[in-house]
1. Leaving out ligands and nucleic acids, note down the accessible area per residue over the stretch 260-359 with a 1.4 angstrom probe, in whole Å².
2. Just order 248-260, 392-404 by mean Cβ neighbour count inside 10 Å, highest at the front, would you?
3. Just want to confirm a number: the relative contact order over the chain, from Cα pairs under 8 angstrom separated by 6+ residues, in percent.
4. So, in nm, how far is label Ala181 from label Ser87 when the simple model puts each one 7 Å beyond its Cα toward the Cβ?
5. Stretch Arg382-Glu281 to full length: gain in nm at 0.36 nm per residue minus the Cα-Cα span?
6. Per 0.36 nm of contour for each residue apart, how much would the distance between Ser95 and Glu41 grow if the chain were fully extended, relative to their Cα-Cα spacing?
7. Using 7 Å Cα-to-Cβ label points, what is the Asp253/Asp404 separation (nm, one decimal)?
8. Going 7 Å from the Cα of Val49 toward and past its Cβ, which residues in the stretch 88-122 have a backbone nitrogen under 18 Å from where you end up?
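The values are calculated or read from the model by the stated rules, or taken from the named source; none is laboratory data. This one's a predicted model, so the numbers in the text were calculated from it and none came from an experiment. Here the Cβ positions follow ideal geometry from the backbone for every residue, glycine too, while neighbour counts run over all protein chains shown. Side chains are part of the model used for accessible areas, which takes the heavy atoms of the whole protein and leaves out ligands, DNA and RNA. Shrake-Rupley method; radii C 1.70, N 1.55, O 1.52, S 1.80 Å.
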Amino acid sequence: MEIRSTTKEDLDVFVDTVHAAFGQFPETPIADGGRWWSALEMDRGLLAVAPDGKPVGTAAAHSFELTLPGRIPVPAAGVTAVGVLPSHRRRGVLSAMMRHQLTGIRARGEFLSVLLASEATIYGRFGYGPATSTARLTVQRHKAALAAPRVLTTADAPAAGSDRGSVEVLRRAECGEILEAVYDRYRRAQPGALSRPHRWWSLGAGQPPISPAPRYVAVHRDADGVADGYASYSLGSVGEQSTLTVDETIAVDDAAFTALARYALGHDLVSQVVFRHVPPEHPLRWQLTDFRAGEVGGHTDWLWVRLLDVPRALTARGWFTDGEIVLDVDDPFLGERGRHLLTIRDGKADCVPTDRQPDLSLDVRDLGSVYLGGTRPSTLVRAGHIRAHHPGAAALADALFGTDRAPHCLHWF
Ligand SMILES: CC(C)(COP(=O)(O)OP(=O)(O)OC[C@H]1O[C@@H](n2cnc3c(N)ncnc32)[C@H](O)[C@@H]1OP(=O)(O)O)[C@@H](O)C(=O)NCCC(=O)NCCS
């Protein structure tokens, strides 16, 4: 079995092979991605080729930026288009491609990779852990009143419900680069969010690339007229209910999000509003005067994270509590092990090798799960994944890894 890099000339065979692995026909758009393959970077693709010369497996990667806690964007490989022909499965083809790919990602200087998993059973063995989750929030419109904020608003910190801006519905042709600019501001402030390079926006002709079909777009502008949020949505029926479904609500701050939510919840001819791709614990639910008017459903994993350079990854993110912790990290897939002393002062971490006794022993996949702050280390201690070496170790790790804002990602790739 040979694993080789692809070039532009391989695009057709690459796309054919991925479609065959997923059981789709090339003219059928995969899931909600439309012509997703036109966003592929063919110099980052891999083909697994059988001894008879037949391509039997594929993998690719996008060059994204991932925002870390502390609003720090770093380069991240977005692994995608992973598939092996049904006739060649369970013979180690994926394992060989993963090894090849992780080595290549490291060689480019990227210290982490991310992916969306078709099945949660596939990627743990390769060092990936689920790091963000997503859900949908369904709100019955007749119960959808939003409470006034209970805290005072200041110019520096507007409370979520206070809005001095405006909302406007844009026609498709008017979206232009407005949404792209808003998304870029949003993703730089949201831990767990990925950049959407310009070619992704061309896929949707200026509309959010995640949308399967043209959407109405409501744009929010601040008091100075600068666009700072948008909601892309459609109207239709879900069961008996006339439903407004918001595919993505992108806002650079909570005030803009609330203004867009108020717009959607105030829409006529609608009995319920479904906000898709929101963090499971979203402030919007707490803003409803009737807490039970909002129902969280479809809670599932979204972004999986794989760290390729533990000291670099730990020193790259922002931290919110001073302290010290010793982590014994095992990376069985790459055959690596390291004991790291992490010292956090004033929001920054120093990470050096140590022979001190560890506070926690963990697999690199579990470090990926806690890295963005979306999973508490104590949860994985209780699950029997992470070993705590003394009674206070889990609480110490929870305090140190905790962040100011839950990570969230809604980019589909
Ligand atoms: C998932 C897929 C790529 C696996 O490829 P493969 O070449 O069969 O994988 P490997 O032979 O390298 O398997 C490595 C190990 O993972 C396990 N594994 C592979 N796919 C698995 C799955 N879907 N569920 C559970 N375990 C799986 C294998 O049993 C094997 O375990 P072992 O080392 O204990 O024997 C292939 O089944 C496929 O193309 N599926 C459909 C498309 C898809 O879902 N792609 C992933 C997109 S995110």
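1. Roughly 49 Å² per residue, with all protein chains present.
2. Packing proxy ranking, top to bottom: 248-260, 392-404.
3. Reported relative contact order: 19 percent.
4. 5.3
5. Working it through step by step, the gained length comes to 34.2 nm.
6. 17.3 nm
7. Result for the modelled spin labels: 1.3 nm.
8. 93-94, 96-98, 100-101
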